Structure formats: structure tokens, C-alpha cells
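This report refers to the structure that appears directly beneath it.
Just so you know, all these numbers are worked out from the coordinates, no wet-lab data involved. Because the structure is predicted, anything quoted here is derived from the model rather than measured. Virtual Cβ from ideal backbone geometry, glycine too; neighbours counted across all protein chains shown.
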Amino acid sequence: MMRDWFLSFAIYLDPNRYSWSGVQKRDWELYRSRNSGVMSVNYTEVGMVDDRYFDRTKRCDFLWENVAIVEN
């Protein structure tokens, strides 16, 4: 699935446009704004997850403290 999404995006700028493997997969949704969700792909599931608190670990403190600067 990742290969299909990646190649389709690299060639057509749309991860959902073409599938070389023929595997049925969920459409990769557009990222509209913070708090809308991000695609999560792992061994057990593929789907959207809320990104409001995505990676609130200590290693990202700088980014969260400077979110207005980092977003621009």
C-alpha cells in the first residue's frame, strides 16, 4: 500500500490516483488543518488519527513551544 501511495504521489501528485499492486486500500485523505487528523499506517490498521496531540514527547518541546513560527 505504501509503495502504491508513494509512487502515485511521486508521478501524479495524488496518492490515490493509481494502484500498481491492485490491492484495495483506503484513500489517503487531504490534510486540511491542524486537528483534522493524519494518516496512520502500521501492521494492524490503516486510518486517520487525531493529530492534536501527535507526538507530545519531550523531544518535540521546541516545536510545540514555537508552533506559530514552525507552521510558517
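Report the calculated FRET efficiency for Arg26 and Thr57 (r = Cβ-Cβ distance, R0 = 35 Å), to the nearest 0.05.
Working: r = 27 Å, r/R0 = 0.77.
After rounding to 0.05, the efficiency reads 0.85.
May I ask you to compute the full-extension gain from Asn66 to Asp50, defined as 0.36 nm times their residue separation minus their alpha-carbon distance, rounded to one decimal in nm?
3.7 nm
Work out how much length Ser19 to Met39 would gain on full extension: take 0.36 nm times their residue separation and subtract the Cα-Cα distance, in nm to one decimal.
Details: separation 20, 0.36 × 20 = 7.20 nm, distance 1.77 nm.
That works out to 5.4 nm of additional length.
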